[in-house]
Amino acid sequence: MGVRARMQEISPEERKKGFDEVERGLAIHQALAEASRCLFCHDAPCVAGCPAGVDVPGFIRRLKTRNFIGAARLIRDANILAGVCARVCPAEELCEKKCSSTNLSEPIAIAALQRFAADEELRRGIRLPGPGVPTGRKVAVIGSGPAGLACAHELATLGHSVTVYEADEKPGGLLVRGIPRYRLPLAVAEAEVRAVLESSGVEIRSGVCVGRDISADEIRRSSDAVFLSPGLGYQSSLGVPGERLPGVLQAGEVLRKVAAGNDVRFTGRVAVIGGGNVAMDAACSALRCGASEVVVLYRRSLDEMPAWKREYEFAAAEGVKFEFLTAPTRFVEDGGGLAGVECVRTRLGEPDSSGRRRPEMIPGSEHMIEVRTAIVATGQAPWPGLVGLFRGLAAGKAGVIEVDQGSQMTSVEGVFAGGDVTSGGATVVQAVAEGKRAAKAIDAYLKRV
Amino acid sequence: MADLSIEFCGVRFPNPFTLAAAPPTDSAEMVARAFEAGWGGAILKTTSVETEVVELAYPMMAGLDYEEKKLMGLENIDLISERHIGEVEKDVRALKKEYPDRVVGASIMGAKKEDWQELVRRLEAAGVDFIECSFSCPHGMPERGMGSTIGQDPELTERTARWVKEAAKRVPVVIKLTPQIADITAAARAVKRSGADGVCAINTLKSLIGVDLDTFVPYPNVGGYSTFGGYSGPAIKPVALRCVAEIAKAVDIPIAAVGGISTWRDAAEFLLVGATNVQLCTAVMHHGFRIIEDLIDGLDVYLEEKGMRSVKELVGRSLPYIVEHSHLSRRHKVVAAINRETCVKDDLCYIACRDGGHQAIELDSNRLPKVDEDKCKGCGMCATVCPVYDCIQLRPKVGAV
Ligand SMILES: Cc1cc2nc3c(=O)[nH]c(=O)nc-3n(C[C@H](O)[C@H](O)[C@H](O)COP(=O)(O)OP(=O)(O)OC[C@H]3O[C@@H](n4cnc5c(N)ncnc54)[C@H](O)[C@@H]3O)c2cc1C
Ligand SMILES: Cc1cc2nc3c(=O)[nH]c(=O)nc-3n(C[C@H](O)[C@H](O)[C@H](O)COP(=O)(O)O)c2cc1C
């Protein structure tokens, strides 16, 4: 049945010198050969594995017949951020995990094929469906990340007039201010964000922070429905003494500066605290910003680590060190700066509510990890002030906004939400899917009221 | 979106993609699903008068699994439909009622003049859009003097087509030809003389797809025996393309193309050599009615990229470029140019040139191939075998006139 196609990539030694994109895409003959491995299942399981429900066999068939543009358009019907998601989706955990070819040889390289189609279209210019017949109804979207963009675009195609409020100067959310460029080149993110905004004709008010520059009440008064997609913005505290010391940085802030192209420099050793994807990105970014060595401190073992396998392997290949079963207890000061992180060893006890085994400190195992910089990457939460802005907005565990699964409607009539603010942090593709689903529900709601 | 509608024998098709007379059109339920998926037309599987006995043998399919690709070609020993004219009439009525904008054709086969004419009259009364006559089934039917027995004889073809045309008061008549004839244009001319409206080319090729090396029984094995069958699918496309182009160049008659069409690219090629209708069978049996999505979308995007507004702009565009061999330029000199950067050193070009060409490729000390331009005739065999995309190209020979 042939072997799975693999993209060329820059070697770990080379790539960590800068922020160039690591994966190089498939060559045309590779893409065609890979497409012809597809079995074109009826009721294909890969489609069910995609949160956005991309018609995978449909686009691969188009690709196989060299209808590259048709393939890209079919993907964009379900997911406007085709090129972005082709790069950042954990495809091996989603569509590719379900692929029937797995039972014959290896799963089809769906993400790589999607990337090929999307890039072909990117080169010639993305064409997305434009605004629908005007309905005269107005919707406000708060936040221009993937969830907000998907919702705004879908609403516009349904004929609603949409205003997107974005606190930052640049639209795109974490696509332009979070995910590192060596995985998602800025040009790709910007091209797709621009195509979404331009095709749909939505009004974007950037540099306007809802709650600071404009009140929530004003937004509610001037629109018939609201979609909340502000993502996560609040770094939860580690609860460890010394967190405010200079030299102790928040991963979100570091990655935001790096993504913005600011000159971030590190010297010496850097510790990264946490075991998620953001920790992996922070570690690899620190390496690229001059750190002589990066060590990730994680309080459980590799098996429990939430980072995707691919992200862990990527970091490990670049020489990032891992100290498992290690928990920080104190940041130690040295003349106003950081001298190191005091840690203890842990062992795994009984499973906790998340089902993962709880780390227990081993008494007497205190030791110092000497670093001048520590980056805390232990998870973000929605901004707690949000619930105060909209009276009656219900938030659940870790401050995530509660919504009805089918419609994405919050506890407040006419206020919908989606993306990281409702999931607590998931994926771009899920944010897109929720934004699109919410738009359909908003459309139905507007027809009702 | 480009205009994909096209006329064939005076009948307007919303798009040129039509289901060939074969198993996918053997019931109204199947055709209805195909129409829902977007097919422009369908030709109901060949039917006959009630007195015609149709006894099928199973299994009836065997594939040519060339290099693990499955279905490079398909052989069948199917016969005409077991469903006689009475049932097909009902299908035509039901389909035309439900899908008035789609084209419903019906394929027929008769043993004698009265049968052919009865079939035509009943289908016309049922509201069929056109009639296709199978003069071309290469297996089974010829044993009874039917099928390709007629198509291989221009005189029989003309006479039988006349009977059909005589009975058809309103609807156009299309004759489906066999490629198994020395000169297919002679058959097409016979159809033209008969007054029938169009031709359909090609039906399957008579074949023996393979032999089981353990039992010595060829495929498909029907209780210990086999028989010759009809060959279809991607493998026969070049034959079909040649037949359509030959007819288009020689005879002024509308042509429906069939034989090995799987993708919008294949379809575009048949339009370029003069067809105004394209029919598919094996590709549908392999991948289902849903392939229509890519057929339509791919053709549409292609037309858009070519700046064409209608599919009609493609028809016949390639015909002027097909000439007699003796008219080809002898001064056109090319040589192979190998891209040594992308070469993966598989030696395939070297072997092909050494043992099948002019010994013009040498391997250097790094096993990289090098073309000796004095020896290279530019035959193109190396480029044909090279597995790397665009690695070997034929370039004009420097210094040649
Ligand atoms: C470092 C990092 C790496 C990641 N890597 C991946 C990956 O590889 N693959 C993957 O699928 N996902 C990844 N993710 C997750 C993914 O980026 C998010 O799930 C996704 O961006 C969520 O989209 P969103 O629209 O909900 O929020 P965001 O993308 O966070 O966008 C929210 C937007 O709302 C704006 N906003 C916030 N508050 C206000 C306000 N009050 N008024 C106006 N505007 C406001 C913000 O400025 C921001 O632009 C990663 C995340 C991070 C942090
Ligand atoms: C199983 C099978 C049954 C067929 N039955 C008929 C038939 O009843 N009448 C007919 O005119 N052609 C029949 N054909 C021929 C097809 O209509 C078509 O001409 C041929 O298969 C070549 O096209 P393809 O390569 O797209 O399959 C049959 C083909 C197959 C494979």
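The values are calculated or read from the model by the stated rules, or taken from the named source; none is laboratory data. A quick note: this is a predicted structure, and the numbers were derived from the prediction, not measured. When we count neighbours, we look across all protein chains shown, and the Cβ atoms used for this are built from the backbone with ideal geometry, even at glycine. What goes into the accessible areas is simple: the full protein's heavy atoms, side chains included, and nothing from ligands, DNA or RNA. Shrake-Rupley method; radii C 1.70, N 1.55, O 1.52, S 1.80 Å.
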Can you say whether A:GLU154 is within 14 Å of chain B (Cβ to nearest Cβ) and more than 16 Å from ligand 2 (Cβ to nearest atom), as far as the supplied structure shows? no
Identify all residues within the stretch B:1-46 that are within 16 Å of ligand 2 (Cβ to nearest atom) and assigned to a loop (DSSP other than H, G, I, E, B); write none if there are none. B:PRO16, B:ALA20, B:ALA21, B:ALA22, B:ASP26, B:SER27, B:TRP39, B:GLY40
Residue that is farthest from the other protein chains (Cβ to nearest Cβ) [pool: residues in the stretch B:297-311 that are in contact (Cβ under 8 Å) with a residue 24 or more places away in the chain and assigned to a loop (DSSP other than H, G, I, E, B)]: B:ARG309
Within the stretch A:94-113, can you find the residues that are open to solvent by 20 Å² or more (accessible area, probe 1.4 Å) and touching a residue at least 60 places away in the same chain (Cβ under 8 Å)? A:LEU94, A:SER100, A:LEU104, A:SER105, A:GLU106, A:PRO107
Would you check if there is a residue in the stretch A:317-338 being of a type in the set (Lys, Arg) and within 16 Å of ligand 1 (Cβ to nearest atom)? no
Hits in the stretch B:1-31 (condition: open to solvent by 30 Å² or more (accessible area, probe 1.4 Å) and within 26 Å of B:GLU304 (Cβ to Cβ)): B:MET1, B:ASP3, B:GLU7, B:ARG12, B:PRO14
Scan A:VAL387, A:VAL371 and give me the residue that is open to solvent by 50 Å² or more (accessible area, probe 1.4 Å) and either touching a residue at least 24 places away in the same chain (Cβ under 8 Å) or not small (Gly, Ala, Ser) (or both). A:VAL387
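Could you name every one of the helices (runs of 4 or more DSSP H) located completely within the stretch A:137-239 that has at least 3 residues being touching a residue at least 40 places away in the same chain (Cβ under 8 Å) and under 22 Å from A:ALA426 (Cα atoms)?
Result: A:146-157, A:174-177, A:186-200.
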Can you tell me which residue is farthest from ligand 2 (Cβ to nearest atom) among those in the stretch A:252-292 that are open to solvent by 20 Å² or more (accessible area, probe 1.4 Å) and not in a loop (DSSP other than H, G, I, E, B)? A:ARG269
Out of all the residues in the stretch B:283-296, which are open to solvent by less than 80 Å² (accessible area, probe 1.4 Å), at the interface with chain A (Cβ under 9 Å from one of its Cβ atoms) and not aliphatic (A, V, I, L, M)? B:HIS287, B:GLY288, B:ASP294
Kindly indicate the residue of the stretch B:190-208 that is more than 12 Å from ligand 2 (Cβ to nearest atom) and assigned to a loop (DSSP other than H, G, I, E, B) and also nearest to B:CYS137 (Cα to Cα) among those meeting that condition. B:LEU208
Go through the stretch A:400-449 and give me each residue that's within 13 Å of ligand 1 (Cβ to nearest atom) and among the polar types (S, T, N, Q). A:GLN408, A:THR422, A:SER423, A:THR427, A:GLN430
In the stretch A:40-79, residue surrounded by the fewest Cβ atoms within 10 Å (Cβ to Cβ) [restricted to those that are within 10 Å of chain B (Cβ to nearest Cβ) and in a loop (DSSP other than H, G, I, E, B)]: A:HIS42
Among the listed residues B:ALA240, B:ALA267, identify the single one that is within 14 Å of chain A (Cβ to nearest Cβ), among the hydrophobic types (A, V, I, L, M, F, W, C), in a helix (DSSP H, G or I) and in contact (Cβ under 8 Å) with a residue 60 or more places away in the chain. B:ALA267
Residue in the stretch A:217-269 that is nearest to the other protein chains (Cβ to nearest Cβ), counting only those that are aromatic (Phe, Trp, Tyr) and within 16 Å of ligand 1 (Cβ to nearest atom): A:PHE227
Condition (residue is within 13 Å of chain B (Cβ to nearest Cβ) and surrounded by 21 or more Cβ atoms within 10 Å (Cβ to Cβ)) applied to the stretch A:19-28: is it met by at least one residue? yes
